[in-house]
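Read through the structure below, which is laid out as structure tokens, and then see the notes.
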Amino acid sequence: VSAIDFLPTLLDVMGHDHPTPERLQGRSFRPLIDGGNQPDRQHVILQYNQNAGGWRHPIRGIQTLRYLYLYNPWSNGERKFATATTGTATYRQMVKRAGSEPDVAARLHLFDHRVVEELYDVQQDPDCLNNLIADAAHQKALDQVRTQLVEDLRRIEDPVAKLLADRDNVALRESFMAAEDAKRL
């Protein structure tokens with residue numbers, strides 16, 4: 001299920017007599033509550049836009065039973081992900097250990113800056129430590145999740161859809177992010 005499924009589920013459980021409004025992108029997961037299943041749910045779309053401080057870091061993703069694909073159009077190697085988690089004891093410990101532990105330094109760099117695309121086999125790598133984006137053995141799956149994500153983002157008129165559809169266009173991403181950054185000012 002996804003967070004956008006909560007309101008349609010609540011309406012369904014409360015006996016709302018009308019169909020879920022079309023503008024709601026989620027759907028009821030009442031069949032799961034009633035002990036059934038959702039055989040037609042093959043993936044969940046993930047969306048993140050900004051933190052409470054207004055820093056915009058759009059991330060879109062798709063999770064299937066096997067794969068997690070993330071598209072980070074804000075990532076350019078220079079922008080740093082601004083989030084409340086950088087104030088936690090865990091983050092401070094990672095910063096401290098990064099100076100002497102290369103694996104922690106690499107994970108910290110990924111956390112701070114991400115990369116434009118990430119693909120993980122969540123069945124084999126549930127901690128998402130091994131980005132398979134360039135792994136030839138997973139290219140067919142990568143093409144499938146990318147295509148599905150673009151289709152779903154276009155269906156909901158998400159502005160990131162055009163970026164993902166033209167994912168190698170750095171100028172388009174940077175122009176989009178300049179407009180996003182201006183929204184914070």
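The values are calculated or read from the model by the stated rules, or taken from the named source; none is laboratory data. Please read all numbers here as calculations on a predicted model, not as lab measurements. Virtual Cβ from ideal backbone geometry, glycine too; neighbours counted across all protein chains shown. Ligands, DNA and RNA are stripped out before the accessible areas are found, and what is left, the full protein with its side chains, is counted by its heavy atoms. Shrake-Rupley method; radii C 1.70, N 1.55, O 1.52, S 1.80 Å.
Would you say N51 is at pLDDT 90 or above, surrounded by 14 or more Cβ atoms within 10 Å (Cβ to Cβ) and within 15 Å of E180 (Cα to Cα)? Show your work before the answer.
Details: at pLDDT 90 or above: no; surrounded by 14 or more Cβ atoms within 10 Å (Cβ to Cβ): yes; within 15 Å of E180 (Cα to Cα): yes.
No; evaluated as a whole, the condition is false for this residue.
Would you check which residues across the range 116-130 are open to solvent by less than 60 Å² (accessible area, probe 1.4 Å) and either within 16 Å of the chain's Cα centre (by Cα) or of a type in the set (S, T, N, Q) (or both) and list them?
Taking the range 116-130 as the starting set, the residues that turn out to be open to solvent by less than 60 Å² (accessible area, probe 1.4 Å) are 116-122, 125, 128.
Residues satisfying the conditions are V116, E117, E118, L119, Y120, D121, V122, C128.
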Check your understanding: Scanning for something without any contact (Cβ under 8 Å) to a residue 40 or more places away in the chain, hydroxyl-bearing (S, T, Y), part of a helix (DSSP H, G or I) and open to solvent by 60 Å² or more (accessible area, probe 1.4 Å), does the range 96-115 turn up at least one residue?
Key -> no
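Quick one: is S75 out of contact with any Asp or Glu (no Cβ under 7 Å at 6 or more places or on another chain), part of a loop (DSSP other than H, G, I, E, B), more than 27 Å from K162 (Cα to Cα) and among the small types (G, A, S)? So that I can check it myself, show each step before the final result.
Details: out of contact with any Asp or Glu (no Cβ under 7 Å at 6 or more places or on another chain): yes; part of a loop (DSSP other than H, G, I, E, B): yes; more than 27 Å from K162 (Cα to Cα): no; among the small types (G, A, S): yes.
Considered against the rule, which asks whether it is out of contact with any Asp or Glu (no Cβ under 7 Å at 6 or more places or on another chain), part of a loop (DSSP other than H, G, I, E, B), more than 27 Å from K162 (Cα to Cα) and among the small types (G, A, S), S75 comes out as no.
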**Study point:** All helices (runs of 4 or more DSSP H) inside the range 131-185 with 3 or more residues being of a type in the set (D, E) and open to solvent by less than 70 Å² (accessible area, probe 1.4 Å)
**Key:** 170-184
